[in-house]
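Values quoted throughout were computed directly from the atomic coordinates according to the rules given, and no laboratory measurement underlies them. Treat the numbers as computed from the prediction; the structure is a model and nothing was measured. Reconstructed Cβ throughout: ideal geometry from the backbone, glycine too, with neighbour counts over all protein chains shown.
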Amino acid sequence: MLTTARTRTPVLSTEAITKVYRSGPVAVHALAGVSVSLFEAEVVVLLGASGSGKSTLLNILGGLDQPTSGRVLFRDQDLSAMEDAALTEFRRKHVGFVFQFYNLVPSLTARENVALVTEIAGDPMPPEEALDRVGLTARMDHFPSELSGGEQQRVAIARAIAKRPDILLCDEPTGALDSKTGITVLEALISVNRDLGTTTALITHNVEIRRIAHRVIYMADGRITKVEENSAPIAPSEVSW
Amino acid sequence: MRALDRKVLRDLRGIWAQCLAIALVLACGVMVMVLSTGTQRSLTETRDTFYERHRFADVFAGATRAPRGLLSEIAAIDGVAQVEARIVFTAMVDLEGMVEPASARVISLPALGGPALNLPLLRAGRLPDPLQPDEVALSEPFAQANGLRPGDRFRAVLNGRLRDLVVTGHLLSPEYIYTLGPAAMMPDDRHYGLIWMREPAAAAATDLDGAFNDLALSLSRGAHQAAVIAAIDRLLAPYGGTGAYGRDRQMSHVFIEGELSQLGAMARVLPPIFLIVSAFLVNMVLGRLIALERRQIGLLKAIGYPIRSIVIHYLKMTIGIGFAGTLIGWGMGWWLGHQMTALYTEYFRFPWLDYTPGAAPMVISGAAAMGAVVLGALRAVLAAVRLAPAVAMAPPAPPVYRRGWADALGHALGLRQTTMMIVRSLTRWPGRAAVTLFGVAGSVAVLIVSFVTFDIIDLVMEDIFDRTNRQHATVILHQPVKERAELDALSLPGVLHAEGVHVAPVRIRHGQASKLVSLTAQDPGADLTRLLDPDGTRIPLPDSGVALPESLADHLGLVPGETVQIELLAPPRQPWDVTVTSVFRQSMGQDILMRRDVFFALMNETPQVNMLHLAIDPAALPALQAQVKQTPAITGFTLWEDVRSSMEETMNESLITMTIIFSVLGMLITIGVVYNAARIQLAERAHELASLRVLGFRRAEVGYVLIAEQMLLTLIAVPVGWLLGYWFAVLMTQGFSTDIISLPMVISQATYAQAALTALATAFVSVLMVRRRLDRIDIVTALKQKE
C-alpha cells in the first residue's frame, strides 16, 4: 500500500547512546547503549513497557534532550554536539511532534494552532491543507475545548505535518483515546506518511498497533531487545483492540 | 505548630518574591500616610504649642501714626482680649564684609519687660536694655547667617540716619516662623532679618513718640473676628490704618498653612492608590494560589476542616503580607518623616521641630493596609471555600475561549498566532488585565505628579524672572516721592533704566467677597515689568480700569467688564468703583494693577512712586550697592538674580528629593503589578510555552508571548495614566495653591514622555525578571504534565 518509495537511507540514527538521570545519590539508567536508525519514509513503532526508555529515546531523537554519552546523527549532523539554540533550529526545521495529551494551545483555534507552526516554518503547507489531510476541514475554526479528544489529536498531527517535517515523532498518540478514535488518528498518520513520505516513529503500549508499521523496535530496560521487519503492514482500519 | 500554619509559612516562602512585591506597594501607601500625616501633625502641634506659649496674636493691623491714647478704645472693642501696640519699620543694614545691602524689619519691644503678645523666645544673650538705645536683639537665623553674636556691633540706616547698634541676643518669634523680605520669594536669612529694639529708641528713630504704627491683638473666646476687624478699621481709619487682618492674612501663618494643606493633599491623593492596587494584587496572587490549591481545599473540607479554618488559613497568608508591608511602610515613613521635618527646619524657624507622628498615623495606616489586603483576599478565598469538596477535588474545567471582536480585529490585522495568544489571554481574563492596566496607569499618574513639579516650577520661574520681572534690581523707597525719582535713580552708579511704581494696600470688594491686596500703579510704557494673559501672552497695561490676577478674579467671581470696588487703605481711604479691564497670570502674590496716572487721577493727587525697578550694568553693581547703603531714602534693595538663585537652590534641594521619592513609589507600583501578573501568567502557561519550545520556537519567540502581553497592557495603560496623572496634577496644584502662591497647571510633553518611558522601562525589567524563569523550565518535564 505504500506509494512513496522507502529507502535504506537513514534520516536519524543513534550510536550507543546512554542516558542517565541523577537525583541525589540515585542514578537511573534510562538508556543503556542504544544504536538505532530511522530510514526515509518508513513507519517505525517502538514497543515496550512503561520505563523501558521509549520516551527518552524519542525525546533525544527529536532534539528535546541530550544523551549522556554516544552520538545522535541527523543525516550527517551530530545532534549530540549541538547547543540549545541549534537544537531548537533542528526541531523547527525538521521535526514534528505528536504527544499523548495533544499539547494544543487552548486559546488558538484548530487552524490557528496549525498556523502557529506554519508561520515559523520554511516551506509549509497552508494550515487548511494540513487540516484537510486529517479530515478536519469542517472543524478548523473551533477551539480545542470545543473539539473531541480524537479531533484534538488530529489537530496536533496537522500541526506536526504542516511544516513538511523530515521526521514525525509520536509519543503514545492514541494513549488517551478509545479504539475507534485511535484508529482515525492512526489513519491520519499513515496517510501523511504515504503521501508525504515523512519518516514516522510512533511509541505505543499497544502491541496491535505494531501491525501498521514497516518495522517494530522492542525496548526493555533501556535497551533494544528486538527489531522486527514487517513486509506487509496493514491499514489502521484493520487493526482492532 | 499546627500543620496548616506550617503550610502558611511554606506557601509564603514559595511565593516570597510576589509577596514582597505586593508588600512593597502596600508599604508605599503606608509610608506616604505616615510621612504626610505624621509630618502634618508634628508641624501643627509644634506650631500650636509655639503659638500658645508665645501668645501669637489673632488680629494684626498697621497704620501711619496712631496715638497711644487710642489703645484704650481698641481694648474696649467687644471680643478683644489683649492689645499690643508697636512701632514697626524697615531699615537698611550695612554688614561688615558684605557688599550687597541687607534689610531688616525693626519691631519695637515695650519700654520695659517683654510684649504681651507675640512673645519672642530668647535663644541666646538677653533682651536689649531699656536704657541703652543702641541695643537690639536679632532674629536667630539672620544673626547666625551673618555671624552676629551677642556683643557684636553692626550698622543700620534707621529712618535715614546711620546708626551703630549692639547685638544683645538672638530671638525667635511665633510671628516670623517663616520670614520673607519685601519683594522676596523665598526666605533669605543672610539679606533679610528682624531687629527688636526697645520702644523709646524705635520711637525716636521714627518720630513716633507717643504713637504706634502697628497693632497686634488677641481675641477672647467666642469673639467675632470680622466684627473686631471692622471696629479696628474704623478706629484706625483717621490714622492711616492699612486694614486689619486675621491670621489668615499673616504672612508666616499663611505659609505654614500652605505647607500643611500640601501635606494634607499628599495624604489624601496618594495612599488610596497604593492601597487599592495592593488589594487587587493580593486578590490576583491569592486567587491564583487558591486556584492551584483547589484540590487541597476540597481535601481539607472532605477530611472535616470547617470553612472558617480554611478561610483563616488563607487570611493568615494575607496578613503576613499586610504585616510586612505595614512594617516596611512604617520604617520608611518614620525615616522620611525625620528627613522631611529636618528640611522644614531650614525654612520654618521653630524653636524646636521634632518628628512626632504619634500613634494615629501608625494605627490608621496599619489598619488601612490590613483592611486593603484582607478585602483583596476575601473574594478569592470565599469563592474557593464555597465549592463542594467533590467539585473542588476534581480538576477545574479548562478555560473556554470564544470568538469575539478581538478575533476579527486580529485577523484583519494579520496578527501572528503568538500575538493572537496574547489578545485572547487579555480578552479571556479582562479582570486580571484590568488590574495590571489600572496599576500601571496609577504608576504613570504618580510619575507625572512627580515630574510635573519641574514643569510648574519652570513655568513659574520663567514667568517671574524672564517674562514679567525683567528688572535687575528693585529699590524700596522710604517714602513716596514725585515721579522725578526715576530721573534721580539714573544718577545712581550703573543704572541704565529706571521705572517707578507706586504700591499701596487696598481692599478689593465684589458683592460679599473682599480681600486685602496690593495695588501697583505703574507707567503704561513700563517695560521692565510686564503683564501676561492667562495663556502667557504679553498684554499691555489697560488704559483704564484695573487688571486683576486670575486667581483673585476667580476668588471674587469677576470677569472683565464687571465693576469692582477698591478701597484705599491709606488716606484718602475713599472707595472707588472701577471696571475690571483685564485679567492676568500671576504665580506669586496677588497684586492688582492700574495705570499710575489713572490711579492718581482718582486720588486727585500728583503721581508719586515708592518703588523703583532698575536695569543695571552688572559691572557697576558693587558701586551701586555701596551707594544704596548710604542713601537714606532707600529702605530696601532686592537683586533679582539673588532671588532667583536662592529660589532655584531651595527648589533643587527639596524638589529633587521629593521627585526621587515619588518616582520610586511610582516605579514600585509597576514592579508589583507587572511582576505578579507575569509570574501568574508563567505559572498558568508553563505547559503551553513549553509546547512552543518543542515546536521549535526560539527562547526569544516564547519570551515574546510573556513579555509582549505585559508590555501591551503597560502601553495601553500609559494614556490612561496620562489622564489620571493630569487629574492628579490638577488636584495637586489646587491643593498646593494658596493666596500667596497660585500654581499654574502645566504638563510638558517631556513629562508625559518621561512618565511613560519610566513605566515602560520598569515594566520591561519586571517582566524580564520573570522571563529568566521561563528559560529554566524543563520542556520535557513540563510536557509530561497533563494540561
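Brief remarks follow.
- Calculated SAXS-style log₁₀ I(q)/I(0) at q = 0.05, 0.08, 0.09 Å⁻¹ - the protein assembly as shown, Debye, Cα scatterers: -0.51, -0.87, -1.00
- Positive-end extreme of charge dipole, the stretch B:655-702 - chosen from B:MET667, B:VAL694, B:ALA683 (charges on Cβ): B:VAL694
- Placing a label point 7 Å from the Cα of B:ASP775 along the Cα-to-Cβ direction, the residues of the stretch B:678-721 with a backbone N closer than 13 Å are B:699-701, B:703.
- Near the amide H of A:THR68, within less than 5 Å, lie the amide hydrogens of A:THR18, A:LYS19, A:VAL20, all on another chain or at least 5 residues away, with H placed in the peptide plane.
- Dipole check for the protein assembly as shown: with +1 at the C-beta of Lys and Arg, -1 at the C-beta of Asp and Glu, and the Cα centre as origin, the magnitude is about 4840 Debye.
- Cα gyration tensor, the stretch B:351-400 - rounded (a/c under 1.5), prolate or oblate: prolate
- Reachable lysines from B:LYS301, criterion Cα separation under 26 angstrom, eight or more residues apart if same chain: B:LYS7, B:LYS316, B:LYS786
- Largest first and in whole Å, the equivalent-ellipsoid semi-axes of the stretch B:388-542 read 69, 20, 15, each the square root of five times a Cα gyration tensor eigenvalue.
- Shape call, the stretch B:222-314: gyration tensor on alpha carbons, a/c limit 1.5: prolate
- Placing a pseudo-label 7 Å from each Cα along the Cα-to-Cβ vector at B:SER654 and B:THR64 gives an inter-label distance of 3.8 nm.
- 22 Å Cα-Cα threshold exceeded, pairs from A:LYS19/A:LYS54; A:LYS54/A:LYS226; A:LYS93/A:LYS180: A:LYS93/A:LYS180
- Largest-first ellipsoid semi-axes for the stretch B:8-65, taking √(5λ) over the Cα gyration tensor eigenvalues, angstrom: 51, 12, 5
- Distribution of pairwise C-alpha distances over the stretch B:58-151, 10 Å bins, in %: 12, 39, 31, 14, 3, 0
- Counted over the protein assembly as shown, the DSSP beta bridges are approximately 70% antiparallel.
- Relative contact order (%) - chain A, alpha-carbon pairs under 8 angstrom, separation at least six: 27 percent
- Dipole in debye (nearest 20) - the stretch B:461-505, about Cα centre, beta carbon charges: Lys, Arg +1; Asp, Glu -1: 140 debye
- Cα lying deepest toward the dipole's positive end in the stretch B:501-604, options B:MET594, B:PHE584, B:GLN574, charges on Cβ: B:GLN574
- Normalised by residue count, the stretch A:24-159 yields a Cα convex hull volume of 160 Å³ per residue.
- Distant alpha-carbon pairs in the stretch A:85-226 (separation over 21 angstrom), percent: 40 percent
- Spatial separation of Cα centroids for the stretch B:663-691 and the stretch B:421-485, in angstrom: 31 Å
- Virtual spin-label span in nm between A:ASP78 and A:VAL26, 7 Å along Cα→Cβ: 3.4 nm
- Bins of 5 Å from zero: percent of alpha-carbon pairs in the stretch A:175-235: 4, 15, 26, 26, 17, 10, 2, 0
- Neighbourhood net charge (13 Å Cβ-Cβ; Lys/Arg +1, Asp/Glu -1) for B:MET594: -2
- Per the Debye calculation on chain B with a single equal scatterer at every Cα and no solvent contribution, log₁₀ I(q)/I(0) for q = 0.05, 0.08, 0.10 Å⁻¹ amounts to -0.37, -0.79, -1.03.
- Evaluated with a Cβ-only charge set (Lys, Arg +1; Asp, Glu -1), the stretch B:138-252 carries a dipole of roughly 60 debye about its Cα centre, given to the nearest 20.
- Cα gyration tensor category, rounded, prolate or oblate, for the stretch B:621-764 with a/c compared to 1.5: prolate
- Placing unit charges on the Cβ atoms of the charged side chains and taking the dipole of the protein assembly as shown about its Cα centre, the candidate lying farthest along the positive direction among B:VAL285, B:VAL25, B:ALA267 is B:VAL285.
- Working note: Debye formula, equal point scatterers on the alpha-carbon atoms of the stretch A:103-155, no solvent; log10 I(q)/I(0) at q = 0.21, 0.22, 0.30, 0.32 Å⁻¹ is -0.66, -0.72, -1.24, -1.36.
- Pair-distance distribution P(r) for the stretch B:474-609, from all Cα-Cα distances in 10 Å bins starting at 0: 12, 44, 33, 10, 1 percent.
- Cβ-Cβ FRET estimate between B:THR738 and B:VAL363, R0 fixed at 35 Å, reported to 0.05: 0.70
- Förster-model FRET efficiency, 35 Å R0, B:VAL400 and B:VAL730, C-beta, rounded to 0.05: 0.20
- Applying 1/(1 + (r/R0)^6) with r as the Cβ-Cβ distance of B:SER491 and B:ASP597 and R0 = 35 angstrom yields a FRET efficiency of 0.90.
- For the stretch B:147-166 versus the stretch B:1-78, the inter-centroid distance based on Cα atoms is 40 Å.
- Near B:LEU353, once Lys and Arg are set to +1 and Asp and Glu to -1 for all other residues with Cβ below 13 Å from its Cβ, the sum equals -2.
- Under the span-like rule (Cα at least 20 Å along the axis, Kyte-Doolittle mean at least 0.0), DSSP H helices of chain A: A:179-196
- Antiparallel bridge percentage (DSSP; both residues within chain A; nearest 5): 55 percent
- With K and R counted +1 and D and E -1, the other residues having a Cβ less than 10 Å from that of B:HIS555 yield a net charge of -2.
- Segments B:470-478, B:482-490 sorted - mean Cβ within 10 Å per residue, highest first: B:470-478, B:482-490
- Contour minus Cα-Cα distance for B:ASP129 and B:ALA302 (0.36 nm per residue): 53.2 nm
- The distance linking the stretch B:544-600 with the stretch B:719-766 is 33 Å (Cα centroid to Cα centroid, whole angstrom).
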